[in-house]
Amino acid sequence: MGKHKKKLKEDKAKVKLKQSKTKFLPKGLNVTKTDFKIKPIVLVQQLKEKDASTPLSKRKLDVKDLLNRIKHYNENVRYGACEELAEMMKIHSDELINMYLSQ
């Protein structure tokens, strides 16, 4: 029975892994590379200029932009868009009716 217990101990024994010897670079050769490339993000719609004839709000947004902001999930953004749209209707009511509602 002594051999049986000895064999069980050998089977259950942890397998020891060899420790790898890490090789470090000699002093002066361990340099961090700090050069990198930057690519600009170009959004074509934002680069388009607005027509001078289209009425704009105080934040330089047209009716399409304000209507998109009314669909926004944030309540404050929706409220701000409604206020600006109402302000635009007071100032440019005739132009807006001719442009958007006459079709």
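The values are calculated or read from the model by the stated rules, or taken from the named source; none is laboratory data. Here the structure is a predicted model, which is why all the values come from computation and not from measurement. We place every Cβ from the backbone using ideal geometry, glycine too, and count neighbours over all the protein chains shown.
Only residues that are of a type in the set (D, E, K, R), under 14 Å from Y100 (Cβ atoms) and either in a loop (DSSP other than H, G, I, E, B) or touching a residue at least 60 places away in the same chain (Cβ under 8 Å) (or both) were counted across segment 52-73, and they come to 1. No other residue among L25, L29 is at pLDDT below 70 and part of a loop (DSSP other than H, G, I, E, B) apart from L25. Figure legend. Inter-residue proximity from segment 80-103: first residues closer than 21 Å to A52 by Cβ, second residues assigned to a helix (DSSP H, G or I), beta-carbon distance below 6 Å, spacing 6+ or different chains. Indicated pairs: E84/L66; L85/L66.
Tell me whether segment 72-85 contains one or more residues that are among the hydrophobic types (A, V, I, L, M, F, W, C), touching a Lys or Arg at 6+ places or on another chain (Cβ under 6 Å) and at pLDDT 90 or above. There is at least one residue in segment 72-85 that is among the hydrophobic types (A, V, I, L, M, F, W, C), touching a Lys or Arg at 6+ places or on another chain (Cβ under 6 Å) and at pLDDT 90 or above.
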